[in-house]
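Before any comments, here is the structure.
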Amino acid sequence: MPIFSLLVRQASLRLPPVPAPLTSMTTQRWHSSAEFFELFPRGYEEGLFIQRSAEMLKEYGFNRVNTIPCVAVCRDELCQPLLNHIDRAWRSRYNTGGVHFLMSSLAGMIFLGRTGMEAALSHAPIDEHGVERFVFYAFPHIAVSMTGRIGASLRPGRSFETDVCGALCKIQRELQAGTVHLETDANDVEQSLLKQRIISNLNLRQPLPSLAGLTHLVHKIIAKDLNHLIEQCLRDKKPAEGRRIDYAFVTGVQIHGANNQNYLWPGETYVFTNSMKHPIDVTHEWLSDFPAALTFSSTTLLVDP
Ligand SMILES: [Zn+2]
């Protein structure tokens, strides 16, 4: 896996000079960000999104009793409501000791490795036919503040807005400064790995990404890394052990809107059951009847200061 090869890199990457001063997305006004809506054209209220995902997965045999959700979100407390929604959707009278398996690292990255995934794979209920079922949820995040700033949030008890996602904002500032330290810092392991994964997937011939662009890229990396880990630990291995594992893959980006309203932009989503992969068109198939008030657009999220 690329992550492990990157662990041994001990170098700093000097980026080419930026041809023109970049506008910091952490200070860019919400209403001026056409790019944000190009990347995330729609978002759905996260509680309803998760509830619908659980309802939809019933058609494929997943239910509260026979399924364990495995979740990757950022460590930020702003992400906690999503975990609560997932627990509510999958809680049964049997899993009162805990509902979800936590895969999370900074920015929602997948750094649990084979050891972590193997642990998760030994925790699912086994139904009467011997089938084990998992739902993998993975969401990096970004915020829009009350004053319309992308990548910022006014947290309780603070008089000024702070970065969201802080880990990605820090890397974006390094990129804009032109020097990115790629060595693995033993005292900052998750941030080091996050940086390495981003640089490995960044097209250095293109202009440096905005925070929205960086968040979109990180979603792609998370989906790729999670797919890779699943293939390595689950899809290729478990059938040989005589185990049947069905799983759902639900990824996207968590968007913290103004007034503490969270939305999910749907990314890669599919179901793998009975050795067959079934892509799911989240937007058109099972969320098309979402109430308009629970989706966001350029006008519903904007709150003028
Ligand atoms: Zn974060």
Just the ratio, please: alpha-carbon radius of gyration of the stretch 119-225 over 2.2 N^0.38 Å, N its number of residues. 1.38
What does the convex hull of the Cα atoms of the stretch 38-148 come to per residue, in Å³, rounded to a whole number? 130
For the stretch 175-232, what does the alpha-carbon gyration tensor say about shape, rounded, prolate or oblate, given a ≥ b ≥ c as the root eigenvalues, a/c under 1.5 as rounded, and a/b over b/c as prolate? oblate
Expected sort for 150-158, 182-190 on mean C-beta neighbours within 10 Å, highest first, is 150-158, 182-190
To the nearest Å, what is the center-to-center distance of the stretch 212-277 and the stretch 36-53, using C-alpha atoms only? 15
Violations at 21 Å Cα threshold for listed pairs 58/224; 58/220; 170/195; 170/224 -> 58/224; 58/220; 170/224
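All of the numbers you see were taken from the coordinates with simple rules; none came from a lab. Everything numeric here is computed off the predicted structure, so don't read it as measured data. Backbone-built Cβ (ideal geometry, glycine too); neighbour counts: all protein chains shown.
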